[in-house]
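Below is one structure, written out as structure tokens; comments come after it.
The values are calculated or read from the model by the stated rules, or taken from the named source; none is laboratory data. In this text, all values refer to a predicted model and were calculated from it rather than measured experimentally. Here the Cβ positions follow ideal geometry from the backbone for every residue, glycine too, while neighbour counts run over all protein chains shown.
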There are 2 protein chains.
Amino acid sequence: MVPGPTPLPPEVVAAGARPIIYARTGEFVAIWEDAMARLRRVFQTEGEVLVFASSGSGAMASAAANLARPGERVLVASCGHFGNRWAAICRDHGLDVLHLEGEWGHPIDPGAVTDALAAEPGIGVVFVTQSETSTGAVSDLPALRAAAGDRILVADAVSGLGVVDLPMDRWGIDVVVSGSQKGLMTPPGLGFVAANARAIARSAELGPGGFYLDWERTRKGQNASPPRTAFTPPVTLVCQLQAALELMEREGLPNVFERHRVLGRMCRAGVVAAGLELLGPENPEANVVTSFLVPDGVDGKAIPTLMRDRFGIQIAGGQGRLSGKICRFGHCGYYDYRDIITAVGALELVLLELGRPVELGAGVAAAQRVMADAQRGA
Amino acid sequence: MVPGPTPLPPEVVAAGARPIIYARTGEFVAIWEDAMARLRRVFQTEGEVLVFASSGSGAMASAAANLARPGERVLVASCGHFGNRWAAICRDHGLDVLHLEGEWGHPIDPGAVTDALAAEPGIGVVFVTQSETSTGAVSDLPALRAAAGDRILVADAVSGLGVVDLPMDRWGIDVVVSGSQKGLMTPPGLGFVAANARAIARSAELGPGGFYLDWERTRKGQNASPPRTAFTPPVTLVCQLQAALELMEREGLPNVFERHRVLGRMCRAGVVAAGLELLGPENPEANVVTSFLVPDGVDGKAIPTLMRDRFGIQIAGGQGRLSGKICRFGHCGYYDYRDIITAVGALELVLLELGRPVELGAGVAAAQRVMADAQRGA
């Protein structure tokens with residue numbers, strides 16, 4: 001239960017065991033085109049989805065490389081470790097970064113973005129984070145869209161895509177970046193960039209954004225007929241992605257979001273009823289990762305270590321400045337009711353072993369009540 | 001029998017069907033460290049091997065990004081489609097490229113490199129190709145090393161690594177770039193850069209080479225204790241790489257090279273005895289890809305199409321200016337005696353169907369004679 005790489009459904013594991021398919025055959029092209037059509041539906045866009053053989057950070061870096069030129073002033077608004085990565089990426093690409101860093105655990109403050117842009121109206125691109133994997137905070141993209149005015153808005157949805165609703169066209173988000181290994185239930189190794197027409201036009205006008213991560217080169221290959229990826233695609237990962245997207249469509253995207261909504265509420269309710277304090281304010285949309293504070297007097301590594309050693313449940317600790325101070329449950333992707341119940345129950349037993357005051361079953365019951373409410377349609 | 005992505009041994013397929021392993025566990029770190037140690041032995045280097053979630057072109061692009069700065073004059077010496085990719089990569093990274101393009105099908109001319117560097121002594125980095133996948137030509141790296149003098153020499157060995165002997169430390173090649181999907185019998189999605197100390201030092205001195213493909217960031221993660229990759233690694237592909245490298249070590253690297261030497265000779269002998277003309281001069285080290293000219297009066301696509309439709313054998317056509325003019329057999333990676341015999345036999349039948357004068361069995365017998373000689377140790 002770490003926030004990525006997440007577990008694979010058996011169908012996706014099996015798709016990884018297919019013999020290699022030559023990338024230029026009709027057989028592979030059919031798989032590719034099917035996966036691309038499904039991917040656009042997950043991004044909820046009529047725009048283009050560019051696929052890179054890369055981690056999610058590679059897709060993020062491509063946005064900085066293709067949407068701005070060295071020396072250009074850009075805005076990064078962040079609230080955690082991965083939001084801060086936008087600032088590092090932009091700086092390493094030579095951009096002049098105005099970095100607004102909000103409190104970790106809280107969502108990004110749209111008001112701060114509005115104020116910053118009022119003071120620096122020349123900024124053309126704004127980088128934000130939808131789901132901040134290091135804390136669990138999910139920011140309000142429609143509010144950030146409004147705050148960014150007519151600037152190009154780029155959102156990192158590496159952990160949130162396919163977990164939390166993100167209708168990018170309807171909300172007018174210009175660019176959404178993601179990866180294969182979290183909500184999409186596929187092994188790591190594929191990075192995605194969904195971009196609308198004006199983001200594509202800006203990138204094309206600026207010229208090559210490097211070579212490997214250049215959007216125009218990737219577009220040219222993907223948009224050829226038949227599609228011919230610019231570079232050898234990771235054919236086995238694409239087959240696995242197709243299998244995962246099939247599962248998501250079979251479940252239905254609204255049902256996928258609703259399942260995560262219930263899992264998030266179950267996890268938060270269970271953790272609180274086990275006597276722990278959540279990081280940051282309650283947010284009914286923050287259903288990707290649940291973070292709680294390590295209680296005073298408990299070693300930061302003890303809870304994840306005991307969860308793993310006693311129950312075989314892998315959870316994550318904090319990152320960056322929250323290292324040792326929080327623990328994180330990931331519940332994005334291939335997770336269901338049983339995962340939360342067993343994890344909350346194990347957490348109670350671990351807290352007991354650590355000498356914390358805990359009423360066994362209280363957390364489990366709180367999680368069950370959430371499920372009961374959900375089943376009644378409450 | 002295309003030159004990549006190449007077939008996977010069953011052990012490598014099976015390794016792709018393992019459930020996901022969280023990248024930060026001891027279990028994965030042990031797999032990673034084992035694969036890295038084996039990879040250094042395949043590169044025959046005491047230097048560092050950096051691993052990127054990327055295609056081979058991503059690893060190539062990283063060399064241009066980390067070894068030179070925009071505006072800098074560099075030399076690219078090429079003899080085919082992928083050698084020309086070095087020039088495109090360097091140009092898209094803003095480098096000032098002196099491009100020596102030799103005849104396709106021939107190896108790179110070391111004399112031309114010597115002359116060019118004598119005329120432009122300020123050049124610090126030279127990019128060349130070991131195995132030119134688009135033609136099958138294998139260039140003489142020791143001769144190119146001598147020609148490049150004290151410049152940093154970067155060699156693309158995407159299709160040649162683990163196929164043709166390349167003792168990079170002994171030969172003094174500063175940087176060797178490769179990928180997972182050819183000689184290493186692993187699915188596409190991993191790019192490798194092996195670099196010696198002076199190449200690493202040059203890169204470090206120049207500062208970040210972008211973000212995602214920055215060598216220092218990747219080094220810092222890989223060299224941490226325990227190693228902690230800069231970005232989520234493609235865990236399933238790393239497991240498959242480990243399985244493939246185990247197989248290569250079990251066979252023994254010298255035996256792997258010898259097997260490819262015999263397969264290359266078999267294929268060339270078979271093709272010639274079937275009445276076809278090889279592209280370029282005979283080279284006993286060119287054992288990665290065998291290219292032959294499409295006979296006059298035959299449609300360039302007919303031979304690959306019939307090979308596939310009649311016998312289920314996928315071979316490749318030409319690329320770039322050789323499109324429609326040559327056909328290519330790839331025999332790099334998981335190939336043996338039976339693959340060459342069946343492919344040459346199928347080629348004879350296809351030529352017969354196309355109305356070419358062909359003596360059935362002549363090509364097969366020629367390939368057999370090579371094997372007989374090899375078995376006698378001739």
- Can B:Val164 be described as farther than 19 Å from B:Asn255 by Cβ and in contact with a helix residue (DSSP H, G or I) (Cβ under 9 Å, 6 or more places away or on another chain)? no
- Is one or more of the residues making up region A:106-118 assigned to a strand (DSSP E or B), among the polar types (S, T, N, Q) and outside the structural domain of A:Arg268 (by TED's automatic domain parsing)? no
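For region A:338-348, indicate whether the set of residues that are polar (S, T, N, Q) and part of a loop (DSSP other than H, G, I, E, B) is non-empty.
no
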- region A:288-321: number of residues that are within 12 Å of chain B (Cβ to nearest Cβ), part of a loop (DSSP other than H, G, I, E, B) and either among the acidic types (Asp, Glu) or touching a helix residue (DSSP H, G or I) at 6+ places or on another chain (Cβ under 8 Å) (or both): 4
- Task: Being aliphatic (A, V, I, L, M), within 17 Å of B:Asp336 (Cβ to Cβ) and within 27 Å of the chain's Cα centre (by Cα) is the filter here, so list the residues in region B:365-378 that pass it.
- Result: B:Ala367, B:Val370, B:Met371, B:Ala374
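Those residues that are assigned to a loop (DSSP other than H, G, I, E, B) and under 20 Å from the mean Cα position of the chain (by Cα), I need them from region B:62-88; list them, please.
Restricting attention to region B:62-88, the residues satisfying the condition of being assigned to a loop (DSSP other than H, G, I, E, B) are B:68-72, B:79-80.
Correct list: B:Cys79, B:Gly80.
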- Which of the residues belonging to region A:22-43 are farther than 27 Å from A:Val164 by Cα, aliphatic (A, V, I, L, M) and in contact (Cβ under 8 Å) with a residue 24 or more places away in the chain? A:Ala23, A:Val29
- Matching residues, region A:125-138, being in contact with a helix residue (DSSP H, G or I) (Cβ under 8 Å, 6 or more places away or on another chain) and farther than 14 Å from A:Gly320 by Cβ: A:Val125, A:Val126, A:Phe127, A:Val128, A:Gln130
- If only one of A:Phe257, A:Phe211 is touching an Asp or Glu at 6+ places or on another chain (Cβ under 8 Å) and without any contact (Cβ under 8 Å) to a residue 40 or more places away in the chain, which one is it? A:Phe211
- Message: So, in region B:53-75, how many residues would count as being crowded, with 24+ Cβ neighbours inside 10 Å, more than 11 Å from chain A (Cβ to nearest Cβ) and touching a Gly at 6+ places or on another chain (Cβ under 7 Å)?
- Response: 1
- Task: Identify the single condition in (1) surrounded by fewer than 21 Cβ atoms within 10 Å (Cβ to Cβ); (2) modelled with pLDDT of 95 or more that A:Gly297 does not satisfy, given that it satisfies every other one.
- Result: (2)
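Within region A:114-143, count every residue that is crowded, with 24+ Cβ neighbours inside 10 Å and over 17 Å from the mean Cα position of the chain (by Cα). Show your work before the answer.
Within region A:114-143, the subset crowded, with 24+ Cβ neighbours inside 10 Å is A:125-139, A:141.
Restricting the remaining residues to those that are over 17 Å from the mean Cα position of the chain (by Cα) gives A:125-126.
Residues flagged as crowded, with 24+ Cβ neighbours inside 10 Å and over 17 Å from the mean Cα position of the chain (by Cα) within region A:114-143 amount to 2.
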- Inside region B:29-52, can you point out the residues that are part of a helix (DSSP H, G or I) and within 14 Å of chain A (Cβ to nearest Cβ)? B:Val29, B:Ile31, B:Trp32
- Query: Restricting attention to region B:210-228, and to residues there that are within 9 Å of chain A (Cβ to nearest Cβ) and modelled with pLDDT of 95 or more, which single residue is surrounded by the most Cβ atoms within 10 Å (Cβ to Cβ)?
  - Reply: B:Tyr212
- Note on the structure: Filtering region A:58-78 down to residues that are in contact with a strand residue (DSSP E or B) (Cβ under 8 Å, 6 or more places away or on another chain) and more than 10 Å from A:Gly94 (Cβ to Cβ) yields A:Gly58, A:Ala59, A:Met60, A:Ser62, A:Ala63, A:Leu67, A:Arg73, A:Val74, A:Leu75, A:Val76, A:Ala77, A:Ser78
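Report yes if A:Arg308 is surrounded by fewer than 20 Cβ atoms within 10 Å (Cβ to Cβ), out of contact with any strand residue (DSSP E or B) (no Cβ under 8 Å at 6 or more places or on another chain) and farther than 22 Å from A:Glu251 by Cα, otherwise no.
Answer is yes for this residue.
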- Message: Looking only at region A:183-209, count every residue that is surrounded by 24 or more Cβ atoms within 10 Å (Cβ to Cβ) and within 9 Å of another protein chain (Cβ to nearest Cβ) and tell me the total.
- Response: 6
- Item | Evaluation of A:Pro19 against (1) in contact (Cβ under 8 Å) with a residue 12 or more places away in the chain; (2) assigned to a loop (DSSP other than H, G, I, E, B); (3) within 14 Å of another protein chain (Cβ to nearest Cβ) (one fails), failing number | (1)
- Note on the structure: When region A:142-167 is checked residue by residue, the ones that are under 14 Å from A:Ser131 (Cβ atoms) and more than 14 Å from chain B (Cβ to nearest Cβ) are A:Leu144, A:Ala155, A:Ala157, A:Gly160, A:Leu161, A:Gly162, A:Val163, A:Val164, A:Asp165, A:Leu166
- Among the candidates A:Gly252, A:Gly264, which residue alone is out of contact with any Lys or Arg (no Cβ under 6 Å at 6 or more places or on another chain), of a type in the set (Gly, Ala, Ser), in contact (Cβ under 8 Å) with a residue 12 or more places away in the chain and farther than 30 Å from A:Ile20 by Cβ? A:Gly264
- Task: Please enumerate the residues belonging to region A:79-96 that are surrounded by fewer than 19 Cβ atoms within 10 Å (Cβ to Cβ) and more than 11 Å from chain B (Cβ to nearest Cβ).
- Result: A:Asp96
- Give me the pairs: first residue in region A:107-122 and closer than 22 Å to A:Gly71 by Cα, second residue in a helix (DSSP H, G or I), beta-carbon distance under 7 Å, and six or more apart or on different chains, which are they? A:Val113/A:Leu144; A:Val113/A:Ala147
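Got a sec? Which of B:Gly333, B:Gly363, B:Gly324 is part of a helix (DSSP H, G or I) and under 23 Å from B:Gly105 (Cα atoms)?
B:Gly363
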- Query: Name the helices (runs of 4 or more DSSP H) wholly within region B:125-244 that hold at least 1 residues that are basic (Lys, Arg) and closer than 18 Å to B:Gly83 by Cβ?
  - Reply: B:141-147
- Task: Run B:Arg18 past the list (1) closer than 23 Å to B:Pro254 by Cα; (2) in contact with a Cys (Cβ under 7 Å, 6 or more places away or on another chain); (3) surrounded by fewer than 19 Cβ atoms within 10 Å (Cβ to Cβ) and report the number of the one that doesn't hold.
- Result: (1)
- So which of B:Ile340, B:Ile313 ends up being within 24 Å of the chain's Cα centre (by Cα), surrounded by fewer than 21 Cβ atoms within 10 Å (Cβ to Cβ) and either closer than 21 Å to B:Val256 by Cα or of a type outside the set (Asp, Glu) (or both)? B:Ile313
- Note on the structure: Across (1) without any contact (Cβ under 8 Å) to a residue 60 or more places away in the chain; (2) part of a loop (DSSP other than H, G, I, E, B); (3) of a type outside the set (Asp, Glu), B:Gly4 clears everything bar (1)
